[in-house]
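Note sheet for the following structure.
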Amino acid sequence: MNYVDPHIHMVSRVTDDYEALARMGCVAVSEPAFWAGFDRRSADGFRDYFRQITEVEPKRAANYGIAHYSWLCINAKEAEDVKLAREVIAAIPEFLDASNVLGIGEIGLNKNTRNEATVFLEQVELAVRHDETILIHTPHLADKLRGTRMILDMLADFPRLDRGRVVIDHVEEHTIRHALDAGYWAGMTLYPVTKCSPERACDLIERYGSERLLVNSAGDWGPSRPVAVPDFIVAMRARGHAESLIEKIVLGNPLDLFSRCRRYVPPPRVARNP
């Protein structure tokens, strides 16, 4: 089955991972800007990174017939330095016209601090000003529910924000309804240890349906599985779910979200635009 991984950090993956994705049926990936495994010291460091995910990774992906999309931001883990964050935010418009950019992300909260919230709000303002879609990171483990509520409260202060163009990512059982009830997309991250598992994602689909729901691997530097979306497909089939439902979740939904970006061009291997 063809599928899309709407959140995966390919800069952290080796070429063999691209080959594995292609063999599994992956037609497209989207790569949110994130932490590089260390804190960067200058806005120019981020500029180089933005070039990597808008110029280099699309070429690597194309070698395996995979379309590569990206999102731009300064992530929450590096948002404590507000001065640096503002320099990075000022640089982001330089890259917004890159053909593979879907919007601003993954912005959000990490430890739910005042500085993180300040930088989050300024990046939402940037997205609204430039009419961009938004992908939002919610905190890990014990901080997740409080952080999700903080994020939703802050977003409520933006009356011009189109909630159908915003993803609240890394949802779990105790946060998914908050995102969906507020009218946002919700992303389920399939990690081997934390976040969600393929089986738990199936449970959530069975409880909440398939509208505005995404599944992703969020493959990065840590323990993660780049072929987690195919694992979800297998788990859904084992429960007897229809192929049409599975395809909607792993292909139709992410392409529907992507199509809300003004620069979106469908992946070459997808014959139609859902």
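The values are calculated or read from the model by the stated rules, or taken from the named source; none is laboratory data. Computed from a predicted structure; not experimentally measured. In this analysis, Cβ positions are derived from the backbone assuming ideal geometry, glycine residues included, and neighbour counts consider all displayed protein chains.
Taking the condition of being free of Cβ contacts under 8 Å to residues at least 12 places away in the same chain, assigned to a helix (DSSP H, G or I) and under 14 Å from residue 202 (Cα atoms), how many residues in the range 212-250 meet it?
Looking only at that region, the number is 2.
Quick one: is residue 163 out of contact with any Leu (no Cβ under 9 Å at 6 or more places or on another chain) and either under 17 Å from residue 178 (Cα atoms) or touching a residue at least 40 places away in the same chain (Cβ under 8 Å) (or both)? Talk me through it step by step, then tell me what you get.
Working: out of contact with any Leu (no Cβ under 9 Å at 6 or more places or on another chain): no; either under 17 Å from residue 178 (Cα atoms) or touching a residue at least 40 places away in the same chain (Cβ under 8 Å) (or both): yes.
No, not satisfied.
For residue 103, which of the numbered conditions (1) out of contact with any Ser or Thr (no Cβ under 6 Å at 6 or more places or on another chain); (2) on the phi > 0 side of the Ramachandran plot; (3) not aromatic (Phe, Trp, Tyr) fails to hold?
(1)
Step by step: first the residues of the range 172-211, then only those that are β-branched (Val, Ile, Thr) and modelled with pLDDT under 95, then the one that is surrounded by the fewest Cβ atoms within 10 Å (Cβ to Cβ). Which residue is that?
Just the residues of the range 172-211 that are β-branched (Val, Ile, Thr), to begin with: 175-176, 189, 193-194, 205.
With modelled with pLDDT under 95 added as a condition, the list becomes 193-194.
Numbers: 193: 8, 194: 15.
Checked the range 172-211; the qualifying residue surrounded by the fewest Cβ atoms within 10 Å (Cβ to Cβ) is 193.
The rows are residues; the columns are (1) under 14 Å from the mean Cα position of the chain (by Cα); (2) surrounded by fewer than 21 Cβ atoms within 10 Å (Cβ to Cβ); (3) not small (Gly, Ala, Ser).
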| position | (1), (2), (3) |
| --- | --- |
| 31 | yes, no, yes |
| 35 | yes, yes, yes |
| 85 | no, no, no |
| 95 | no, yes, yes |
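Give the range 177-211 a look and list any residue that's among the small types (Gly, Ala, Ser) and either assigned to a strand (DSSP E or B) or within 14 Å of the chain's Cα centre (by Cα) (or both), or say none.
Hits for the range 177-211 are 186, 187.
Return yes when residue 21 is of a type in the set (A, V, I, L, M, F, W, C) and within 23 Å of residue 252 (Cα to Cα) and no when it is not. Spell out how you get there, then give the answer.
Working: of a type in the set (A, V, I, L, M, F, W, C): yes; within 23 Å of residue 252 (Cα to Cα): yes.
Yes; evaluated as a whole, the condition is true for this residue.
Given the criterion touching a strand residue (DSSP E or B) at 6+ places or on another chain (Cβ under 8 Å) and farther than 21 Å from residue 103 by Cβ, identify the matching residue among 179, 201, 235, 218.
Working: 179 fails: farther than 21 Å from residue 103 by Cβ; 235 fails: touching a strand residue (DSSP E or B) at 6+ places or on another chain (Cβ under 8 Å); 218 fails: farther than 21 Å from residue 103 by Cβ.
201 is the lone residue from the list that is touching a strand residue (DSSP E or B) at 6+ places or on another chain (Cβ under 8 Å) and farther than 21 Å from residue 103 by Cβ.
Please go through the range 12-46 and pick out each residue that is assigned to a helix (DSSP H, G or I) and either in contact with a helix residue (DSSP H, G or I) (Cβ under 6 Å, 6 or more places away or on another chain) or polar (S, T, N, Q) (or both). Let's see the steps before the verdict.
From the range 12-46, those assigned to a helix (DSSP H, G or I) are 12, 15-24, 43-46; that's our starting set.
Listed by number, the residues that qualify are 12, 15, 24, 43, 46.
Of everything in the range 126-156, what is at negative phi, of a type in the set (D, E, K, R) and in contact (Cβ under 8 Å) with a residue 12 or more places away in the chain? Give them in sequence order.
The first filter runs over the range 126-156 and keeps only residues at negative phi, leaving 126-130, 132-140, 142-156.
Now restrict to residues that are of a type in the set (D, E, K, R): 129, 132, 143-144, 146, 149, 153.
Result: 132, 143, 144, 146, 149.
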